[in-house]
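The structure under discussion appears below in the form of structure tokens.
The values are calculated or read from the model by the stated rules, or taken from the named source; none is laboratory data. Model, not experiment: these values are computed from the prediction. A quick note on method: Cβ atoms are made from the backbone with ideal geometry, for glycine too, and the neighbour counts reach across all protein chains shown. The area values use the complete protein model at the heavy-atom level, side chains included, leaving out ligands, DNA and RNA. Shrake-Rupley method; radii C 1.70, N 1.55, O 1.52, S 1.80 Å.
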Amino acid sequence: MIRELQEQDAAAMARLHATSFDPAWPEADMRAHIENDLVIGNGAPLNAIVILRLAADQGEVLTIVTDPEFRGQGLARAIFENAQRRAKSEGVDILFLEVAEDNENALTLYRALGFERIGRRPAYYRRKKGRVAALTFRKKLDD
């Protein structure tokens, strides 16, 4: 069940984010995203989320997370496509994102969704074993 997330989903969003990111975003941050951004999720209990920040005719993918137990089932693609349609209906023509260059799963997804690489930020993300570059992508939304 794909749906726009509400304040009562913030704790579940934070738990889900922690399954894939270190440091994870806390519940308070998730509440702020729900109030200010387009936040789409799937499932009850929650098993996938996408957060898009919209500004005029542009949007930025802030995060996409799928519960590790549910990966490979097309959930990230489904919620992203839903969020993309909603963003387009609000006048967004182009989406941007950045991703760590060592995040192969995300890179595969973004390329499959039609994003094209536009740049690289060296040593952008801090990791326990050093730094890794961020790759930047964009996607023009079709009419």
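Going through Ala32, Ala48, Ala11, Ala24 one at a time, which residue ends up being more than 16 Å from the chain's Cα centre (by Cα) and at negative phi?
Matching residue, one of Ala32, Ala48, Ala11, Ala24: Ala11.
Could you look through the stretch 59-101, keep only residues that are in a loop (DSSP other than H, G, I, E, B), under 19 Å from Asp22 (Cα atoms) and open to solvent by 60 Å² or more (accessible area, probe 1.4 Å), and pick out the one that is modelled with the lowest pLDDT?
Here the answer is Arg71.
State all residues of the stretch 102-119 that are surrounded by fewer than 16 Cβ atoms within 10 Å (Cβ to Cβ) and not polar (S, T, N, Q); if no residue qualifies, say none.
Result: Asp102, Glu104, Arg111, Ala112, Gly114, Glu116, Arg117, Ile118, Gly119.
Where the second residue is in a loop (DSSP other than H, G, I, E, B) and among the aliphatic types (A, V, I, L, M) and the first is within 17 Å of Asn47 (Cα to Cα) and open to solvent by less than 70 Å² (accessible area, probe 1.4 Å) and lies in the stretch 15-35, which pairs have Cβ atoms under 8 Å and are six or more apart or on separate chains?
From the stretch 15-35, the pairs are Leu16/Leu46; His17/Ala24; Ala18/Ala24; Ile34/Leu5.
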